[in-house]
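K.L.:
The following block contains the structure, expressed as structure tokens.
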Amino acid sequence: MLLVAAAATTELSAEGYQVNNLSTRQTGMGHVGTAMKLNSESIFFNPAGAAFQDSKFDLSVGASGILSYCTYTPAPAMDNGFYAGEYTSWDSDNRMSTPLYAYFNYKPTDRIAVGLGFFTPDGSSMNWGRNWPGAHLVQEINLAAYTVQPTVSFKICDRLSIGAGLMITWGNFDLSRSLLPVATGSMTAAGGLQLAAGTLQAQVDQLEQLPSTPELAAQIAALNGYIDQATAGAAYFSANHAGESLVSARLEGSADVAVGVNAGILWDINPQWSLGMSWRSRMNMKVGAGHATLHYASPETQRYLTLLNTLSTMAGGSEVIPGLDKGTFSAELPLPTTVTWGVSFRPAPKWEFAVDLQWVGWSAYKALNVEFNEPELGIDPIYSVKNYSNTLTFRFGGQYRANDWLTARMGMYVDESPVSSDYLNPETPSMTKLSYTAGLSLRPCRHMSIDLAYCYVSSADPERTGSYPVYNYQDNTQLESIFSGNYKLHAHVLSLGVGFSF
């Protein structure tokens, strides 16, 4: 039972697997920026804004550290009599995610600007541990996507500009999951070996009724050897590794380069008001030759599970533990279209406020299908229904330039979940996010800015209850079980950036 969710978890900084921390200044301002003149950082937020740069050169670099936390509590279900008492909960142990950005913009004339951006627009990290109840869905997953974007901006007239950039994106991922549920894995292995031993014993009983020959005696001896091993294996699994993952698959892959477009328009209506719109095209990230490794709980576990596979194929069935490490696989993941509308308002020289509304085309992510490249291995394709829906994100922020060396910022945003409750997966324990942000910039000299920001991300609801349909590995149309539970999550984001303008 393996579902290669190559890139389907959340950073807790944005719904789906979209990253929202690609400017320290704008992180502190609720991540607004579509209708703002951000110099080189407009390369990401709205390429048209880069043409309004008031210096010849502008450089901005920075990074964020995202510490995300998620807690799972099993939901009352049929197998526990719908008991609603206290349950043990499981906490994720996620590594710190570190999205990066670097932007450079050059303005050779008053109307034209050319620039280059590097950033990580999509990524995620989630680690539930090896032996938690949903280990057969996911144990750990890490995803990173990287984009280089050459950009050109042009002022049509003094107050109207357009811009576009070519997004050249690549990435990598790794995913670990148990091939048997931890709650029943040992019983499944023990029962399978006991059944195999019984089947083999019936064959031996039939063979012993035939006239003895050297060949028949050798066949009976071989079958008795398998019976002894199967009996020992069943006893081993009955006594060991209860509630543990017997075997896990770790899948790794690198996506081929994908190319998309980031374009925008900015209308600086008057000294107080600006309007902007930006569009980022959909890209499909394709993994052409990912590979897997299998990790067993112990050498004895590996030996007896290998025996179980052998006996299963001898009986005309398929392998209980598929040989995923014997070949390579391919998969495809969409990075969705986004359209953002923005307005900024400057009521006084020291104040600026902005609002962004973003539409994300998550409906492109209907399923994640995985196919193995070597048909001779006989490994069936794997299908995972996602059924994401399009979402809206609302962002609001403001900044106050207190003096020449200090600017303070605050903001907030609401990021709608693309995942319905009947497809809520621990790979993506998705909730509508509510985030509050604060930041400041210090200018130790005229040409340099040091930027700091903090963002707290939580759910709009205290917790979210949902379930996910688990499908049988051998027959992806046959529903095997439902994995249900309650999820709580939050994140802290710290961001540091440095800017130079001259």
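The values are calculated or read from the model by the stated rules, or taken from the named source; none is laboratory data. Just so we're clear, the structure is a prediction, and the values are computed from it rather than from any experiment. FYI the Cβ positions are ideal-geometry reconstructions off the backbone, even for glycines, and counts take in every protein chain you see.
K.L.:
Of the conditions (1) outside any strand (DSSP E or B); (2) of a type outside the set (A, V, I, L, M, F, W, C); (3) under 30 Å from residue 51 (Cβ atoms), residue 300 fails just one. Which one is it?
P.N.:
Exception for residue 300: condition (3).
K.L.:
If you don't mind, another one. Condition first: over 30 Å from residue 286 (Cβ atoms) and surrounded by fewer than 22 Cβ atoms within 10 Å (Cβ to Cβ). Can you find one or more residues in the stretch 366-375 that meet it?
P.N.:
No, the stretch 366-375 contains no residue that is over 30 Å from residue 286 (Cβ atoms) and surrounded by fewer than 22 Cβ atoms within 10 Å (Cβ to Cβ).
K.L.:
I'd like the full set of residues that are under 48 Å from the mean Cα position of the chain (by Cα) and of a type in the set (D, E, K, R), limited to the stretch 195-244.
P.N.:
Answer for the stretch 195-244, where residues must be under 48 Å from the mean Cα position of the chain (by Cα) and of a type in the set (D, E, K, R): 228, 244.
K.L.:
Please go through the stretch 193-245 and pick out each residue that is assigned to a loop (DSSP other than H, G, I, E, B) and either of a type in the set (A, V, I, L, M) or in contact (Cβ under 8 Å) with a residue 24 or more places away in the chain (or both).
P.N.:
Hits for the stretch 193-245 are 210, 240, 241, 242, 243, 244, 245.
K.L.:
If a residue must be in contact with a helix residue (DSSP H, G or I) (Cβ under 6 Å, 6 or more places away or on another chain) and of a type in the set (A, V, I, L, M, F, W, C), how many such residues does the stretch 310-360 contain?
P.N.:
So the answer is 3.
K.L.:
Being modelled with pLDDT of 85 or more and either of a type in the set (A, V, I, L, M) or outside any helix (DSSP H, G or I) (or both) is true for just one of 14, 51, 6. Which residue is that?
P.N.:
That would be 51, the only listed residue that is modelled with pLDDT of 85 or more and either of a type in the set (A, V, I, L, M) or outside any helix (DSSP H, G or I) (or both).
K.L.:
Of the conditions (1) of a type outside the set (S, T, N, Q); (2) at positive phi; (3) touching an Asp or Glu at 6+ places or on another chain (Cβ under 7 Å), residue 378 clears all except one; give me its number.
P.N.:
It fails just one condition, (3).
K.L.:
What number goes with the only condition from (1) polar (S, T, N, Q); (2) modelled with pLDDT of 85 or more; (3) over 25 Å from the mean Cα position of the chain (by Cα) that residue 80 does not pass?
P.N.:
(2)
K.L.:
What pairs come up if the first residue lies in the stretch 168-184 and is under 16 Å from residue 128 (Cβ atoms), the second is of a type in the set (Lys, Arg) and surrounded by fewer than 22 Cβ atoms within 10 Å (Cβ to Cβ), and their beta carbons are under 7 Å apart, counting only those six or more places apart or on different chains?
P.N.:
Note: pairs meeting the criteria are 174/250; 176/250.
K.L.:
Report whether or not residue 463 is surrounded by fewer than 17 Cβ atoms within 10 Å (Cβ to Cβ) and within 20 Å of residue 92 (Cα to Cα).
P.N.:
yes
K.L.:
Now for a separate question. Looking only at the stretch 316-325, decide whether some residue is closer than 30 Å to residue 271 by Cβ and touching a Ser or Thr at 6+ places or on another chain (Cβ under 7 Å).
P.N.:
no
K.L.:
Is it the case that residue 428 is out of contact with any strand residue (DSSP E or B) (no Cβ under 6 Å at 6 or more places or on another chain), under 24 Å from residue 391 (Cα atoms) and surrounded by 15 or more Cβ atoms within 10 Å (Cβ to Cβ)?
P.N.:
Taking the combined requirement at face value, the residue satisfies it.
K.L.:
Search the stretch 301-330 for residues being modelled with pLDDT under 95, within 31 Å of the chain's Cα centre (by Cα) and of a type in the set (Val, Ile, Thr), and hand back the single one that is nearest to residue 196 (Cα to Cα).
P.N.:
Going through the qualifying residues, I end up with 320.
K.L.:
May I ask you to list the residues in the stretch 336-394 that are charged (D, E, K, R), free of Cβ contacts under 8 Å to residues at least 40 places away in the same chain and farther than 27 Å from residue 457 by Cβ?
P.N.:
376
K.L.:
Hey, can you tell me all the residues within the stretch 173-189 that are among the small types (Gly, Ala, Ser) and surrounded by fewer than 21 Cβ atoms within 10 Å (Cβ to Cβ)?
P.N.:
Answer for the stretch 173-189, where residues must be among the small types (Gly, Ala, Ser) and surrounded by fewer than 21 Cβ atoms within 10 Å (Cβ to Cβ): just 183.
K.L.:
Across the stretch 279-297, which residue is surrounded by the fewest Cβ atoms within 10 Å (Cβ to Cβ) among those that are in contact with a helix residue (DSSP H, G or I) (Cβ under 7 Å, 6 or more places away or on another chain) and in a strand (DSSP E or B)? Please lay out each step first, then the result.
P.N.:
Keep residues of the stretch 279-297 that are in contact with a helix residue (DSSP H, G or I) (Cβ under 7 Å, 6 or more places away or on another chain), which gives 282, 292-294, 296.
Of the ones still in play, those that are also in a strand (DSSP E or B) are 292-294, 296.
On the way: 292: 22, 293: 12, 294: 17, 296: 17.
Looking at residues that are in contact with a helix residue (DSSP H, G or I) (Cβ under 7 Å, 6 or more places away or on another chain) and in a strand (DSSP E or B), I get 293.
K.L.:
Counting only residues that are free of Cβ contacts under 8 Å to residues at least 40 places away in the same chain, give me the strands (runs of 3 or more DSSP E) lying completely in the stretch 91-162 with at least 3 of them. Steps first, answer last, please.
P.N.:
Values: elements: 100-106, 112-119, 123-127, 140-157.
So the answer is 140-157.
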